[in-house]
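The values are calculated or read from the model by the stated rules, or taken from the named source; none is laboratory data. Worth saying up front: this structure is predicted, and the values here are computed from it rather than measured. Neighbour counts run over all protein chains shown; Cβ positions are idealised from the backbone, glycine included. Accessible surface areas use protein heavy atoms only, side chains included; no ligands, DNA or RNA. Shrake-Rupley method; radii C 1.70, N 1.55, O 1.52, S 1.80 Å.
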Amino acid sequence: MADSIKAIVFDAYGTLFDVHSVSNLCEDFFPNKGRDISKTWRNKQLEYANLKQIMGSYESFDILTSNALEYAVSYYDEELTSDQKEKLLNRYLNLNVFSDVTDVLDKLEDKQLAIFSNGSHSILDPLIKQSTISDNINRIISADEVKSYKPSMESYAHAQKILQLNKCEILFVSSNGWDISGAKNYGFNTAWINRDNLPLEKLNLEPDRVYSNLNGILEWQ
């Protein structure tokens, strides 16, 4: 099966980039609440994307990220100053790459490598550009281009159209179970990077492979 794969498509947030690298700055601003605020920020970010998709009232991911931050800070009875907000949102443009990522991407030179994210280009492109993997990525695809968030069928169809490959020639990689379910539902080959040792989603859409970290996808070389 590995020989038939021509492109490996990675989700960005939580898969290649650690969204909780914002935790330390959250902790600086809100002592003893940093990790909780970071988790709520991420959860609310995803929830807002799903809600906007369902309600048919699309807003770009940068706006949802900002709104989710405001909610998360408020949820823990804290006040967010404009300066704190600016610095936290800027930190989102400089997230850490997971320790396993750079070495793995360096070893996948014979495959087309793409990132497909719900992130809008305004926050996704700077994140990738400043990272250690910018030279490894051949394409950056955003769901914002079709105003339809993953896990919608339309979003994955857009990624396939950009890549100009058959579904069977694409391996989709994500640490997010819901994203893997969406990609599997669309018809991509899927590899779930189960960094947090979570149970499988109960949607009858099991991934083709499950790995504890990104090193597992080297078998698709």
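Observations
- In Hz, Karplus ³J(HN,Hα) per residue of the range 44-60 (6.51, -1.76, 1.60; θ = phi - 60°; x = Gly, Pro): 6, 4, 5, 4, 5, 4, 5, 5, 5, 5, 5, 7, x, 10, 4, 9, 5
- For Ile54, solvent-accessible area (1.4 Å; no DNA, RNA or ligand), Å²: 140 Å²
- Dipole check for the chain: with +1 at the C-beta of Lys and Arg, -1 at the C-beta of Asp and Glu, and the Cα centre as origin, the magnitude is about 420 Debye.
- Close Lys pairs in the range 1-142 (alpha-carbon distance under 21 Å; sequence gap of 8 or more, or different chains): 14.
- Residues in the range 126-141 carry Karplus couplings, in order, of x, 4, 6, 4, 7, 8, 7, 10, 4, 7, 7, 8, 7, 9, 10, 10 Hz; the curve used is 6.51 cos²θ - 1.76 cosθ + 1.60 with θ = phi - 60°, and Gly or Pro positions show x.
- Heavy-atom accessible surface of the range 1-124: percent carbon and sulfur, 1.4 Å: 46 percent
- Prolate/oblate/rounded label for the range 162-220 (Cα gyration tensor, a/c 1.5): oblate
- Principal-axis tilt of helix 61-75 within the chain, Cα atoms, nearest 10 degrees: 40 degrees
- From phi via Karplus (6.51, -1.76, 1.60), per-residue ³J(HN,Hα) for the range 166-178 in Hz, x at Gly/Pro: 6, 4, 5, 9, 10, 9, 9, 10, 8, 8, 8, x, 5
- Average accessible area per residue (Å²) across the chain - probe 1.4 Å, nucleic acids and ligands excluded: 47 Å²
- Taking amide H atoms as placed 1.01 Å from N in the peptide plane, the amide H of Asn96 lies under 5 Å from those of Asp18, Ser21, each 5 or more residues away in sequence or on another chain.
- Projecting the Cα atoms of Ile37, Leu25, Ala49 onto the dipole axis of the range 20-60, where Lys and Arg carry +1 and Asp and Glu carry -1 at the beta carbon, places Ala49 farthest toward the positive end.
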